[in-house]
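See below for the structure under consideration.
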Amino acid sequence: MNSNDTLIPYIGVVTDIRIDTPDVKTFRVESPEGGKLFEHMPGQCAMLSIPGVGEAMFSITSSPTNKEFMEFSIKKCGCLTNWLHAMDVGQMITVRGPYGNAFPVETELKGKDLLFIAGGIGLAPLRSVINYVRDKRENYGDIQVIYGSRSKDDLVDYKEILDEWMTDDGVHVNLTIDNAQEGWDGHVGFVPNYVKELNPSTSKTVLVCGPPIMIKFTLAGLKELGFTETQVYTTMELRMKCGVGKCGRCNIGNKYVCKDGPVFRFDQLDELPDEY
Amino acid sequence: MLRISANKLDSLFEAVAAKQTLYIPADRNDGEAEYKKYETGMKLTSRLNTLRSAKDFFFPQTEDIVEFKMDGKKIEINDIRQECEDFVIFGVRACDARSFTILDKVYLSEPVDSFYKNRRDHGTVVTLACDRPAETCFCQTFGIDPTAPEGDCACWSDGSYYYFKANTAKGQTFLDSISDLLEDGDDTAELDKVIAKTKAVMSKLPLAGLSTENFGGDKLDEYFSSDKWTELSESCLGCGTCTFVCPTCQCYDIKDFNTGNGIKRYRCWDSCMYSDFTKMAHGNPRLTQLERFRQRFMHKLVYFPANNNGEFGCVGCGRCLSKCPISMNIVKVMKALEEK
C-alpha cells in the first residue's frame with residue numbers, strides 16, 4: 001500500500017491568526033518544515049480537520065502567487081469552526097487537497113476587465129483571484145471590486161483592502177455596508193442595489209460570491225444591466241466529505257460540486273436541477 | 001467445460017479454503033442467507049440471494065481510514081493501510097457481479113480509492129448462475145443475463161454437476177488452483193435444459209416487461225419537476241434500508257472516533273435518504289423527504305447514466321422491493337414517472 005490516497009491528509013501548522021471580524025478569522029497554514037503543503041489555483045478548496053472534532057471544506061483564500069503559505073478565512077458557525085477559532089498559533093491541523101476546479105484565470109478570464117462582487121465571507125474565495133490578478137496585472141484589464149457586509153466591522157480583509165487594493169493603480173474598490181453606522185462615511189445599502197447604482201460596463205466579466213440571497217438578487221440586477229449568464233461566474237458550497245466526487249454528498253444533477261465545481265458559470269448552473 | 005460433481009462441492013470448498021479465505025452464501029437462523037467465511041461442514045444456501053448485497057467485500061459498511069495521535073498542539077498521522085489478503089467469494093449472482101463494475105466506475109476512477117482497489121485486487125469473484133429467479137427479479141431490465149453471470153469465474157449447476165468457466169486471468173488462476181478436482185464435461189445437455197428453463201421462467205416474471213427506454217442521462221428536465229414525486233415520496237420513512245441493501249449505493253460518510261488512545265477516522269455507508277446527508281451549518285438544500293427521495297432515484301436513473309455512457313445505477317436485484325417497510329421501490333418509481 002504505497003500509493004497515496006487523497007483521504008489521508010497532510011499535517012499543517014497554524015503560523016498566524018488574524019482576527020478579521022467578530023466571527024471571521026484568517027488562519028495562515030504552513031507545512032511543519034515550512035512552506036506550502038501543496039500548490040493550488042484560485043478558487044480551489046481544501047479539507048481542514050481537527051481529528052476528533054470534524055473535517056470540512058474551505059476555500060483557499062490566499063493567492064497561489066504567495067509561495068510561502070496558504071490562508072483560510074473562516075467564519076465561526078459550527079462545531080469545527082468554533083474549535084478552529086479557539087486555536088492558538090502553533091496548533092497543528094490536518095489538510096488535504098487541493099479540491100475542485102478553479103476560476104479560469106489562465107483561460108477565459110485572461111485579458112478581460114474583471115468585476116468582483118462579494119458579500120460577507122463570500123470575499124474569501126474571491127480574494128485568491130483578486131490577489132492573483134493583481135500579481136499578474138499585465139494579463140488582465142481593469143479590476144473593480146464591489147464588496148459589502150452587514151457592518152464596517154464585518155468587512156473581511158478590511159486592512160488589506162485599504163492598504164493594498166485601494167492603493168493599487170487600476171484597482172477600483174467600492175465598499176458598502178447594510179446599515180449606516182458611526183465612523184462610516186462610505187456607501188450604505190445592499191450589494192445588489194449598489195451594483196445597479198454603480199452601473200458597471202457590460203464588457204466586464206463578473207465573479208460573484210456571497211450568501212445565496214445576495215447572489216440571486218445580484219444576478220438579477222446584472223441581467224437588468226445587460227449582462228449575460230455566460231459572463232458571470234460564482235463558486236458554490238455544499239456539504240462535502242470526500243472531495244473527489246465519490247461520497248455522493250455534493251451531487252447535483254450529473255455534477256459533483258467538489259470535483260466539477262465549486263466554480264460554475266451561471267449558464268452551466270442553469271443546466272443543473274434547482275436544489276442549491 | 002470443466003466441472004465437478006455436486007456431491008464433491010464440499011471438497012472443492014475445502015481445497016479453496018485451505019489456501020485462502022473463502023466466503024459462500026449460507027443460511028442464517030432467521031431464514032435469510034448471508035455471506036459467511038467458509039468453515040468445514042458449511043453448506044451453500046438454497047436461497048436465491050443473500051439479504052445484504054456482496055458490496056461489503058469491496059466497500060464494507062465501516063472501514064478504518066487513518067489514525068491520529070493528539071498531543072497538545074501536535075498531531076501525528078498513522079497510515080494504517082495494509083495489503084489485503086487474497087480471498088475468494090463463491091456464489092455471487094449476476095446482479096451483484098454487475099454491481100461491482102458499477103462500483104468500479106466510482107471508486108476506480110481518478111483519483112483511485114486505494115481502500116476499494118486493495119480489496120478489489122485481492123478478491124476473486126466466482127459467480128453462480130441463477131436457475132430459480134424470484135418474482136422481485138428484474139436484472140434483465142438492465143441487460144443482465146442471470147444465466148450467464150460476469151465475475152472472474154462463472155459457475156453453473158444442473159443439479160448433478162457444477163460447471164466452471166473463467167472470464168478473467170484471476171478466474172483462470174482460481175480454476176488452475178483446483179484443477180485436480182475438476183474433470184472435463186463436454187456433455188452439457190442437462191445444463192442447457194436448466195438454462196432454457198430459467199430463461200422461460202424469466203420471460204414470465206412479473207417485472208419482465210420493465211424497460212429503461214424512458215430513462216437515461218437526457219431525462220433531467222422531464223423528471224426532476226415531475227409532480228409524481230409528491231405521491232411517491234409521501235410515505236417514505238427515510239429509514240435508508242433501500243440504500244443499505246442496495247448493491248450499487250455507494251455514498252459514504254467520514255467520521256472520527258476517540259479510542260481513548262487516539263483518534264480513529266473511519267468511513268461508513270451513508271444514505272441520501274437521511275435528513276442530515278446534506279445538512280450544513282447554514283442550512284440544508286434538501287429540506288424535505290421528497291427532495292431526498294427524488295435524489296436517490298434521479299441519481300440511479302438519470303445522473304449516473306449521464307456520466308457513465310448510459311449505464312444505470314441499478315442491477316435489478318430486487319432487494320429494495322422485498323425490504324422496504326412501506327413497499328416503495330425503484331420499479332414503482334419508474335412506472336409512475338413513465339405515466340404521462
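Remarks
- Evaluation of B:Cys246 against (1) under 16 Å from the mean Cα position of the chain (by Cα); (2) within 11 Å of chain A (Cβ to nearest Cβ) (one fails), failing number: (2)
- Single condition A:Gln91 does not satisfy, out of (1) buried (at least 17 other Cβ atoms within 10 Å of the Cβ); (2) more than 14 Å from chain B (Cβ to nearest Cβ); (3) in contact (Cβ under 8 Å) with a residue 40 or more places away in the chain: (2)
- Residues of region A:60-74 satisfying the condition of being of a type in the set (Ser, Thr, Tyr) and under 18 Å from A:Asp135 (Cβ atoms): A:Thr61, A:Ser62, A:Ser63, A:Thr65
- Taking the criterion of being in contact with a Phe, Trp or Tyr (Cβ under 8 Å, 6 or more places away or on another chain) and either more than 14 Å from chain B (Cβ to nearest Cβ) or free of Cβ contacts under 8 Å to residues at least 40 places away in the same chain (or both), the residues of region A:31-40 that qualify are A:Ser31, A:Gly35, A:Lys36.
- Per-region count, region A:243-266, residues at the interface with chain B (Cβ under 9 Å from one of its Cβ atoms) and closer than 18 Å to A:Leu109 by Cβ: 0
- Residue match in region B:38-52 (condition: in a strand (DSSP E or B) and of a type in the set (Ser, Thr, Tyr)): no
- Residue in region B:254-277 that is among the aliphatic types (A, V, I, L, M) and more than 8 Å from every other protein chain (Cβ to nearest Cβ) present: yes
- Residue within region B:249-270 that is assigned by TED's automatic domain parsing to the domain that holds B:Asp10, farther than 30 Å from A:Pro273 by Cα, touching a strand residue (DSSP E or B) at 6+ places or on another chain (Cβ under 9 Å) and of a type outside the set (Phe, Trp, Tyr) present: no
- Residue tally, condition free of Cβ contacts under 8 Å to residues at least 24 places away in the same chain and over 16 Å from the mean Cα position of the chain (by Cα), over region B:79-107: 3
- In region A:1-29, the residues that are more than 8 Å from chain B (Cβ to nearest Cβ), within 22 Å of B:Asn78 (Cα to Cα) and surrounded by 18 or more Cβ atoms within 10 Å (Cβ to Cβ): A:Gly12, A:Val13, A:Val14, A:Val29
- Yes/no for A:Gly186 being free of Cβ contacts under 8 Å to residues at least 40 places away in the same chain, buried (at least 17 other Cβ atoms within 10 Å of the Cβ), more than 30 Å from B:Lys279 (Cβ to Cβ) and not charged (D, E, K, R): no
- Screening A:Ser63 against (1) crowded, with 17+ Cβ neighbours inside 10 Å; (2) within 12 Å of chain B (Cβ to nearest Cβ) leaves a single unmet condition, (2).
- For region B:25-41, residues that are crowded, with 19+ Cβ neighbours inside 10 Å and more than 19 Å from B:Arg319 (Cβ to Cβ) total 1.
- Search result, residues across region B:297-312 that are under 20 Å from the mean Cα position of the chain (by Cα), part of a helix (DSSP H, G or I) and either β-branched (Val, Ile, Thr) or within 10 Å of chain A (Cβ to nearest Cβ) (or both): B:Met298, B:His299, B:Val302, B:Tyr303, B:Phe304, B:Pro305, B:Asn307
- Residue within region B:306-314 that is free of Cβ contacts under 8 Å to residues at least 60 places away in the same chain, farther than 17 Å from B:Thr230 by Cβ and out of contact with any Leu (no Cβ under 8 Å at 6 or more places or on another chain) present: yes
- Check on A:Lys76, more than 27 Å from A:Asp260 (Cβ to Cβ) and more than 11 Å from chain B (Cβ to nearest Cβ): no
- As a summary of the residue check, B:Leu232 satisfies the conditions (1) aliphatic (A, V, I, L, M); (2) more than 14 Å from chain A (Cβ to nearest Cβ); (3) free of Cβ contacts under 8 Å to residues at least 60 places away in the same chain except for the one numbered (3).
- When B:Ser203, B:Ser225 are screened for being over 19 Å from B:Met328 (Cα atoms), small (Gly, Ala, Ser), within 11 Å of chain A (Cβ to nearest Cβ) and free of Cβ contacts under 8 Å to residues at least 60 places away in the same chain, only B:Ser225 passes.
- Boolean, A:Asp113 is surrounded by fewer than 21 Cβ atoms within 10 Å (Cβ to Cβ) and within 14 Å of chain B (Cβ to nearest Cβ): no
- For region B:257-283, the tally of residues that are over 16 Å from A:Cys247 (Cα atoms) and surrounded by 16 or more Cβ atoms within 10 Å (Cβ to Cβ) stands at 3.
- Here B:Asp79, B:Asp113, B:Asp86, B:Asp104 are screened, and the one residue that is surrounded by fewer than 20 Cβ atoms within 10 Å (Cβ to Cβ) and either farther than 23 Å from B:Asn167 by Cα or at the interface with chain A (Cβ under 9 Å from one of its Cβ atoms) (or both) is B:Asp79.
- Taking the criterion of being at pLDDT 95 or above and farther than 18 Å from B:Leu9 by Cβ, the residues of region B:170-190 that qualify are B:Lys170, B:Gln172, B:Thr173, B:Asp176.
- Boolean, A:Leu84 is crowded, with 23+ Cβ neighbours inside 10 Å, in contact (Cβ under 8 Å) with a residue 24 or more places away in the chain and closer than 21 Å to A:Lys241 by Cα: yes
- When B:Leu44, B:Leu51 are screened for being crowded, with 18+ Cβ neighbours inside 10 Å and in contact with a strand residue (DSSP E or B) (Cβ under 9 Å, 6 or more places away or on another chain), only B:Leu44 passes.
The values are calculated or read from the model by the stated rules, or taken from the named source; none is laboratory data. Just so it is clear, the structure is predicted and the values come from calculations on it, not from any experiment. Counting neighbours? That spans all protein chains shown, and the Cβs are built from the backbone with ideal geometry, glycine included.
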